[in-house]
Amino acid sequence: MSASLRLMAVHAHPDDESSKGAATMARYVAEGVEVLVVTCTGGERGSILNPKMDRPDILENIGEVRRQEMAKAREILGVEQRFLGFVDSGLPEDENEPLPDGCFAVQPLETASAPLVAAVREFRPHVILTYDDNGGYPHPDHIMTNRVSIEAFEAAGDPDRYPGTGDPWQPLKLYYHMGFTRERFEALHEAMTARGIGSPYGDWIARWEDRPQKWDVTTRVPCAAYFETRDRALLAHATQVDPDGFWFVCPREVQEEVWPTEDYHLARSLVDTTPPEDDLFTGIHAEVSPTCS
């Protein structure tokens, strides 16, 4: 008996799983891979970004609404999902503004990491997806998500660390999401312009020098066939995603033709692999960690 391959995606808030790596996850689910989304916070302090949902009844119950949205997205993607139970830190307008007491981003690293280590030891992923050390963008919860993901990757296999959180399990590869790159948006911008479609990306690309790309893309996963699934999962997060907004400006058929992959940086690997890769499980054989009941 051989165990199936397992992929864990660690995210800060509900909706992050649908805007980063969703088509990749949907593809692997269709191929028989077990996929678990771990959501560190409940998104309780997130702004309502869809004007149609900006209503008092939604705002008063935003935590529960976002959990319901997450449940819908989970079903669409076909993944398992669990919350770690931390409270959203919010995004301060001033970087010197103190974060709320008790929120995720102010937790001691071991406190914030312990439930993720437990989840890794229970689910036993071969591959973990997370954000880079800037969080993809500098939201305090995204940065903390990077920190706890690295801590869990490095600690979960050590029987002397985090006692009481399950039997040790060592993941084999850790990736950073690289979906928001200048190269990608330049390609989409040029394709939209060539087709006579107004592109919203010109000013953004012009300002890209203010946010240099630290990590290179090592892995491009073909998943255009699952962009429609990704979009439905995004729309399930109705408080966070405006169907008339940024996410849907570029026609899906243009994306499928011009940039049919979701992209990653291989940050840690305990198996032999040589980039460029087209599969997160390169170097990991199907006959891994046999389990018998």
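Points worth noting:
Listed here are the residues, each with its yes/no results for (1) within 23 Å of S113 (Cβ to Cβ); (2) charged (D, E, K, R); (3) outside any loop (DSSP other than H, G, I, E, B).
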| site | (1), (2), (3) |
| --- | --- |
| M8 | yes, no, yes |
| H13 | yes, no, no |
| E17 | yes, yes, yes |
| A26 | no, no, yes |
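To keep it simple, each residue is scored yes or no on (1) assigned to a helix (DSSP H, G or I); (2) more than 19 Å from the chain's Cα centre (by Cα).
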| site | (1), (2) |
| --- | --- |
| G166 | no, yes |
| R184 | yes, no |
| L188 | yes, yes |
| T193 | yes, yes |
| G196 | no, yes |
| D203 | yes, yes |
| L234 | yes, no |
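- Taking the stretch 205-232 as the range and being part of a loop (DSSP other than H, G, I, E, B) and open to solvent by less than 80 Å² (accessible area, probe 1.4 Å) as the test, the residues that pass are W215, V217, T218, C223.
- Residues of the stretch 241-251 classified as under 15 Å from I48 (Cα atoms), open to solvent by less than 20 Å² (accessible area, probe 1.4 Å) and either touching a Lys or Arg at 6+ places or on another chain (Cβ under 8 Å) or at pLDDT 90 or above (or both), total: 1
- When G135 is tested against (1) in a loop (DSSP other than H, G, I, E, B); (2) out of contact with any His (no Cβ under 6 Å at 6 or more places or on another chain); (3) of a type outside the set (S, T, Y), just one condition goes unmet, and that condition is (2).
- Contact annotation: residue pairs with Cβ atoms under 9 Å, 6 or more positions apart or on different chains, pairing a residue in the stretch 72-99 that is within 14 Å of T145 (Cβ to Cβ) and touching a residue at least 12 places away in the same chain (Cβ under 8 Å) with a partner that is among the hydrophobic types (A, V, I, L, M, F, W, C) and open to solvent by 40 Å² or more (accessible area, probe 1.4 Å), are S89/L99; S89/V106.
The values are calculated or read from the model by the stated rules, or taken from the named source; none is laboratory data. Note that the structure is predicted; figures quoted are calculated from it, not measured. Cβ: placed from backbone, ideal geometry, glycine included. Neighbour counts: every protein chain shown. The accessibility values were calculated without ligands, DNA or RNA, using every heavy atom of the protein model including side chains. Shrake-Rupley method; radii C 1.70, N 1.55, O 1.52, S 1.80 Å.
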